[in-house]
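Since every read-out is calculated from the coordinates, none of them should be taken as a lab result. All figures in this text were calculated on a predicted structure; none of them were measured in a lab. Methodologically, a virtual Cβ is constructed for each residue, glycine included, from the backbone with ideal geometry; neighbour enumeration extends over all protein chains shown.
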Amino acid sequence: MLLVLGAGGALVFVLPLVALLVRAPWRSIDELVTSGPIRSALWLSIVTSVAAAVVSIVLGVPLAWVLARSRMPGRRFLRAVCTLSMVLPPVVGGVALFLAVGRRGLIGGPLDRWFGITLPFTTPGVVLAQVFVAMPFLVLTVDAALEQLDPRFEDAARTLGGSEWYVFRHVTLPAIRPAVIAGAVLTWARALGEFGATITFAGSLRGVTRTMPLETYLALETDLDRAVLLSLVLVAISFAVIYALRGRWVGAALRGGRS
């Protein structure tokens, strides 16, 4: 009975992917790949997702350290807020970003009036939407590694005269490096596939905000072959990332956290 139910569960994931492979326009794949819209969307997706991963590392690793090591009041509440975007509908995230950094938002209004900085419907707006949705993957991964890391090594470094910044750079960060790598790659993969918050907050302007998921959605209405090809590209990238993480970095991250 368990085998039968397990096979049914596997079909939920396998069958749609098999349908994509069967329906793929293999004969015209060269023509579709070299088309301008696909190349533009792919390049924009790569640039923005890499930028989102870098921003997430710069901001997310210190945030994870605060959540794992500090004793500030309300830490559990802050952890919940910082990971809320993982379960929010992406459209809700896009609306929240509009209210925060839109031209009439809490911060976006002053930015527009005083500095002429506008984020909605721009490429930096795409990066911001991706960071909002994807950074929790890095925060949770690094936070878990820090929670499992034996604090005696950090305490020993402090006893020998190391400052908090020195201990973080030379003891903590090397110990959690596998977790940082795993979290960064997961964040990049999530940012690459982001759709809802991006189209709500940044729109769909070709060459500016139209990433691969948006191009796939639009192609579905006019050109099914192109939509299938774009879907296969995203599936291939996502599968490669998940397979590599499962086989190598996630295990290394857990071993590093227990060391």
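According to the square roots a ≥ b ≥ c of the eigenvalues of the Cα gyration tensor, what is the shape class of region 142-228, taking rounded for a/c under 1.5, prolate for a/b larger than b/c otherwise, and oblate for the remainder?
It is prolate, given that a/c is not under 1.5 and a/b is the larger ratio.
Here the relative contact order of region 23-119, from alpha carbon pairs under 8 Å that lie six or more residues apart, stands at 9 percent. Between residue 5 and residue 221, the modelled label-to-label distance comes to 4.2 nm, taking each label 7 Å out from Cα in the direction of the beta carbon. Here the sum of -39500 (n - 2.57) over DSSP H runs of 4 or more residues, divided by the residues of the chain, equals -22500 deg cm²/dmol at 222 nm, to the nearest 500. For the options 171, 12, 133, a Gaussian network treatment of the chain with springs between C-alpha atoms closer than 10 Å singles out 12 as fluctuating the most. Taking 18, 142, 95 in turn, the Gaussian network model of the chain (Cα-Cα springs below 10 Å) assigns the largest fluctuation to 18.
Seen from every direction in turn and averaged, the convex hull around the alpha carbons of the chain projects onto 18.2 nm². For region 2-258, averaging the sequence separation of C-alpha pairs within contact (under 8 Å, six or more residues apart) and dividing by the residue count gives a relative contact order of 29 percent.
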